[in-house]
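Every number in this text was worked out from the coordinates using simple rules, so none of it is lab data. From a predicted model like this one, the values you see are computed outputs, not experimental measurements. Using ideal geometry, Cβ is built from the backbone for each residue, glycine included, and neighbour counts are taken over all protein chains shown.
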Amino acid sequence: MNFCVKCGEECEESIDGLCISCWLDGRRLVDLPHHVDLHVCANCGEYDFGGRWVRRDPMVAIQDAAADAVMIVKGADVTSISTSVEEQDPRTFVVTVHAGCDVMGYPADGEASTIVRVKNTVCRRCSRQLGSYYEAILQIRSASGKLEDAMREEALAMTENSVARQAATNRQLFITKMELVPGGVDVYLSSISLGKAITKELGDAFCAETKESPKLVGQTTDGQDMYRLTYLVRLPDFKVGDVVTFQGGYYLLSRLNGTGGKIVNLADFRERSVRRSDMTSVKLYERSEDLREATVVSTSGSEIQVLDPSNYSTVDLRVPEGVEIGDSVRVVSIDDVLYMVP
Ligand SMILES: [Zn+2]
Ligand SMILES: [Zn+2]
């Protein structure tokens, strides 16, 4: 058992020789600086919390800024915190922080106020973006030299999705600009790693040829060489669904991925694999959107009879086993012979 040095009462717990109530008497449990500066990026609207830029409702950000600055007297632990805010002008707010505390098992309250000043600035990412900063150029081209609009849009959509996905966890990643150039499109990127990742993604998805070339652009202040990377992605002219040629045969391109492709022989409907290194020998014969439809006249076993769309003569077509034949089938004409495209 202790005795309080101030009031002389017996007390079970004591701090600095005082009973809890003498210790609490006149003591400020919670303190705040006179003012707190809250930096907001004038470009993206995100707030700086200790070097981390976050999106937050303005009123929440203002009260969080005050709560983060709270100082608690030694010996007390915060158990709850609440804030209220009063606007003085659109840039100045008085925030009162109310803290519930625990002092050696005894509950006690503290309250303090501060002025939160909202200051405009530009975050590093935005200043880079506004300054057209880039570390890598992604050059999207086609193997034939002429990049089709649809192919370009598909590749760009994939690029934008990839950047958005990666930027969710790293806000320094962004697209600086996109530029249409003869034969394709250039995408300027904020980081080399981003360029590398997208190049791999596009290369795998389209089975495209890729190439990277570094370019020395200067030196950093501490004398390190500084490079920019150019990533060339040469998209093939074909895509899944097109009719292609390979080693003298005619095929439907049924699949593409990072390791190569799958093709279905139009003569016997057998599927085979093509290694990625052999994909350069695959050539476009007819685009899927250019394939014609032929009306089915009759069916008999592994053959069907259709009307040739070019001259309306009736021709026999081989069809894959077990395939349901509808009213029309897609066909391609090779050396004046009609083939069904499964
Ligand atoms: Zn006392
Ligand atoms: Zn910003």
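Size of the dipole of segment 242-342 about the Cα centre, Lys and Arg at +1 and Asp and Glu at -1 on the beta carbon, nothing else charged, in debye to 20? Present the calculation step by step, with values, prior to reporting the outcome.
On the way: 11 positive and 16 negative charges, 128 e Å.
Here the size comes out at about 620 debye.
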Given charges at Cβ of Lys, Arg, Asp, Glu: the chain dipole, positive-most of 257, 147, 307 = 147
Segment residue 193-residue 170, extension gain: residue separation times 0.36 nm, minus the distance between their alpha carbons = 7.1 nm
P(r) for segment 13-94: what percent of alpha-carbon pairs falls in each 10 Å bin, starting at zero?
-> 14, 38, 26, 14, 7, 1
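With r defined as the distance between the Cβ atoms of residue 230 and residue 52 and R0 fixed at 22 Å, what FRET efficiency is calculated, to the nearest 0.05?
Working: r = 32 Å, r/R0 = 1.47.
Calculated transfer efficiency: 0.10.
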Along the charge dipole of the chain, Cβ charges K/R +1 and D/E -1, which of 232, 319, 61 sits furthest on the positive end?
-> 232
Taking the Cα atoms of the chain alone, what are Rg (to one decimal) and Dmax (as a whole number) in Å?
-> 35.0, 117
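What does DSSP give for the chain in terms of the percent of beta bridges that are antiparallel, rounded to the nearest 5?
Values: 91 of 105 bridges.
If I count the DSSP bridges inside the chain, around 85 percent turn out antiparallel.
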Inter-label distance, nm, simple model (7 Å from Cα along the C-beta direction), residue 255/residue 209 = 2.6
Candidate cut points under GluC sites (Glu not before Pro) in segment 263-342, DSSP loop plus at most 16 other Cβ atoms within 10 Å of their own Cβ, are 321, 324
List the equivalent ellipsoid semi-axes of segment 145-187 in whole Å, largest first, each obtained as the square root of 5λ for an eigenvalue λ of the Cα gyration tensor.
-> 23, 11, 5
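If a/c stays under 1.5 just call it rounded; otherwise compare a/b with b/c (prolate if a/b is bigger, oblate if not). Do that for segment 238-288, with a ≥ b ≥ c from the square roots of the Cα gyration tensor eigenvalues. Intermediate results must be reported in sequence, preceding the final value.
Numbers: a/c = 1.38, a/b = 1.26, b/c = 1.10.
The shape class here is rounded.
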Cβ-derived FRET efficiency at R0 30 Å, residue 130 paired with residue 82, nearest 0.05 | 0.20
Cα-based Rg of segment 132-235 per 2.2 N^0.38 Å, rounded to two decimals?
-> 1.07
Note: residue 299 to residue 102 extended length (0.36 nm per residue) minus current alpha-carbon separation gives 62.3 nm
Could you go through segment 151-164 in sequence order and give the Karplus-derived ³J(HN,Hα) for each residue, using 6.51 cos²θ - 1.76 cosθ + 1.60 with θ = phi - 60°, rounded to whole Hz, and x for Gly and Pro?
-> 5, 4, 5, 5, 5, 5, 4, 5, 4, 5, 4, 5, 5, 4
Acute angle (nearest 10 degrees) that the helix 192-206 long axis makes with the longest principal axis of the chain, alpha-carbon atoms = 30
In whole Å, what is the distance between the alpha-carbon centres of segment 109-139 and segment 224-283?
-> 44
Can you give the charge dipole size of the chain about its Cα centre, rounded to the nearest 20 debye, using +1 on the beta carbon of Lys and Arg and -1 on the beta carbon of Asp and Glu?
-> 1380
Could you size up the charge dipole of segment 132-235 around its Cα centre, putting +1 on the beta carbon of Lys and Arg and -1 on that of Asp and Glu, and report it in debye to the nearest 20?
-> 100
Residues of segment 109-123 with amide nitrogen under 14 Å from the 7 Å Cα-to-Cβ point of residue 92?
-> 114-119
Would you list, by chain and number, the lysines whose Cα falls below 25 Å from the Cα of residue 262, excluding same-chain residues fewer than 8 positions away?
-> 146, 200, 211, 239, 283
Hey, what did the chain get for relative contact order, percent, Cα under 8 Å, at least 6 apart?
-> 10
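When the chain is fully extended, how far beyond the present Cα-Cα distance does residue 27 get from residue 153, taking 0.36 nm per residue of separation? Intermediate results must be reported in sequence, preceding the final value.
Details: separation 126, 0.36 × 126 = 45.36 nm, distance 6.68 nm.
Residue separation times 0.36 nm, minus the Cα-Cα distance, leaves 38.7 nm.
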